[in-house]
Amino acid sequence: MARRPAIAVVDIGKSNAKLALVDRASLGVVALLTTANRVVAEGPYPHYDVEHLWRWIRNGLKSFAAQAEVETISVTTHGACLALLAGDALALPVLDYECPGPEEISAEYATARGNFSETLSPSLPNGLNAGRQIYWQARAFPEAFARVDAILPYPQYWAWRLSGAIASEATSLGCHTDLWNPGARTFSKLARREGWDRLFAPLRRPWDTVGTILPALAAETGLSPACRVVAGIHDSNASLLPHLVRHQRPFAVLSSGTWMIVLAPGGSLAGLDGARDCLANVDAFGDPVPSVRFMAGREFELLSSGSAAVSSPNAIAHVVDNQIMAIPAFAEGTGPFRGRGHWLKNGVAVDPAALSDEERVAAASLYTALVTETCLSLSGADGPIVVEGPFARNALFLSALAARVHRPVLAERDATGTTQGAAMLAVMPDARLPNDTGTLVAPLSTDIARYAESWATATPAVG
């Protein structure tokens, strides 16, 4: 009996990694494995434990090979991550973008990086601009950097480990790297001046086959030697891809996790502000997409103190009536606000430890909705708003956002948007999806207009 054709998706997020077995016909997830994306503190700087991930990927693929006929492997990863190769090995460890090392050259890099009008890439702290990473690595570790003969965006690093073939693609090059000019669809002046453009492999489309899996990997896992590996895609753009196939522009997608990425196909590039974490992402077709980001998942965890409480209607009403609110920002140097995060109750500073878990979770949900509303405005978004990821399960966030934006907000029932988008690469460019638009969210019945006005007044302006 013929075995079920399937796709294996390697999905590496900032905090966790997933390996999904996806049915090729339905694009539904059949099996899912997870592991922590560990950071190693030892060595020249904090870096990702790629060998742990590689062992885990190989073991997972072996498990999947016993369940289905895996025809294609597709990789999606977080951005702000590059692998520097010297021959068949890393010249330097794969830097964790939260490493503060690149701050050492911030003043020099500020002059070198070029203008926001060229790259539509904001200046971000630590290693969140991939260009800042390699600018620092080249100067801090000159001997190691001199051996670099190829630079791979992170999805293509894993495609290389799987297939032995090197490639680049625009979604990863265009995600706040300072290395890409989205309008011209080519490398930035910085990348050309430093000579880095010559170290990147030729551009491929995310769904292009870069090769088949290495023979040794086929033998180890039981996968077919004919299993192909596609180039791969940046995770936010993986999330966006199913919507580009389903929806007509304009619309917006909120891809949530550690980050909330607001992507606004059909929005306006004109309102993007480099000082407020605005940027243009580059979608799977190479087109610039107005985008705004903030660390929603990280901030929510801080604000709620990790509580799993669900706020009752009474707790929500109490928070709104007493104007218990968090004022941004709580993830330094990111998002549309740059103030120092603090809490207020009726306009007076309050210690959040004095609040109940329900109150903190309610205030954190409202905070996330109000910052998201700001991001949508900056992106020039219009049309329906689709929410996916963990915040698609936060009822208060969803209903508060719907009350503020006065247009349809749709919660995706499947919270694995990155996985589905990456799986689609196996059937692109002719993929077709059912017009499943998610669940329409009812606006919050509690009036939060005065609450939102007070929050906006207390929130410091940028610029």
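The values are calculated or read from the model by the stated rules, or taken from the named source; none is laboratory data. What you see is a predicted model, and the numbers here were worked out from it, not measured in a lab. So basically every Cβ, Gly included, is an ideal-geometry build from the backbone, and we count neighbours across all protein chains shown.
Structure values in brief
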| item | result |
| --- | --- |
| Qualifying positions in the range 408-423 - surrounded by 14 or more Cβ atoms within 10 Å (Cβ to Cβ), assigned to a loop (DSSP other than H, G, I, E, B) and at pLDDT below 95 | E412, D414, A415, T416 |
| Failed item, numbered, when A308 is tested on (1) under 26 Å from V262 (Cα atoms); (2) in contact (Cβ under 8 Å) with a residue 12 or more places away in the chain; (3) surrounded by fewer than 14 Cβ atoms within 10 Å (Cβ to Cβ) | (2) |
| Flag for L241 being closer than 30 Å to E299 by Cβ, outside the structural domain of S117 (by TED's automatic domain parsing), part of a helix (DSSP H, G or I) and touching a residue at least 40 places away in the same chain (Cβ under 8 Å) | yes |
| Complete set of residues in the range 429-445 that are surrounded by 14 or more Cβ atoms within 10 Å (Cβ to Cβ) and modelled with pLDDT of 95 or more | V441, P443, L444 |
| Selection count, the range 83-139, where residues are touching a Cys at 6+ places or on another chain (Cβ under 6 Å) and either of a type in the set (A, V, I, L, M) or outside the structural domain of A170 (by TED's automatic domain parsing) (or both) | 0 |
| Search result, residues across the range 224-234 that are under 26 Å from the mean Cα position of the chain (by Cα) and surrounded by fewer than 22 Cβ atoms within 10 Å (Cβ to Cβ) | R228 |
| For C175: the one exception among (1) touching a Gly at 6+ places or on another chain (Cβ under 7 Å); (2) closer than 30 Å to K62 by Cβ; (3) surrounded by 23 or more Cβ atoms within 10 Å (Cβ to Cβ); (4) not charged (D, E, K, R) | (2) |
| Matching option when the condition is in a helix (DSSP H, G or I) and buried (at least 21 other Cβ atoms within 10 Å of the Cβ), among A353, A362, A426 | A362 |
| Test: residue in the range 208-223 that is surrounded by fewer than 17 Cβ atoms within 10 Å (Cβ to Cβ) and in the same structural domain as G380 (by TED's automatic domain parsing) | no |
| Selected residue (only one of V30, V75, V70 is under 21 Å from A167 (Cα atoms), touching a Leu at 6+ places or on another chain (Cβ under 8 Å) and assigned to a strand (DSSP E or B)) | V75 |
| Qualifying residue in the range 194-203 (condition: free of Cβ contacts under 8 Å to residues at least 60 places away in the same chain, within 12 Å of G131 (Cα to Cα) and touching a Phe, Trp or Tyr at 6+ places or on another chain (Cβ under 6 Å)) | yes |
| Leading residue by the ranking (nearest to P429 (Cα to Cα)) among those in the range 285-342 that are among the polar types (S, T, N, Q) and part of a helix (DSSP H, G or I) | S304 |
| Exclusive hit being over 20 Å from L179 (Cα atoms) and either in contact with a strand residue (DSSP E or B) (Cβ under 9 Å, 6 or more places away or on another chain) or crowded, with 24+ Cβ neighbours inside 10 Å (or both), set G127, G79, G101, G60 | G60 |
| Set E373, E453: member being within 21 Å of the chain's Cα centre (by Cα) and in a helix (DSSP H, G or I) | E373 |
| Selected residue [outside the structural domain of T258 (by TED's automatic domain parsing), free of Cβ contacts under 8 Å to residues at least 40 places away in the same chain and farther than 17 Å from V94 by Cβ] from A36, A41, A20, A31 | A31 |
| Filtered residue count, the range 312-351, keeping only those that are of a type in the set (D, E) and touching a residue at least 24 places away in the same chain (Cβ under 8 Å) | 1 |
| Residue identified as in a helix (DSSP H, G or I) and among the charged types (D, E, K, R) among E98, E108 | E108 |
| Criterion violated by S117 - all others in (1) surrounded by fewer than 17 Cβ atoms within 10 Å (Cβ to Cβ); (2) at pLDDT 95 or above; (3) more than 30 Å from V427 (Cβ to Cβ) satisfied | (2) |
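Residues checked against (1) out of contact with any strand residue (DSSP E or B) (no Cβ under 9 Å at 6 or more places or on another chain); (2) buried (at least 24 other Cβ atoms within 10 Å of the Cβ):
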site	(1), (2)
A238	no, yes
L241	no, yes
V245	yes, no
Q248	yes, no
M260	no, yes
A264	no, yes
S268	no, no
G271	no, no
G274	yes, no
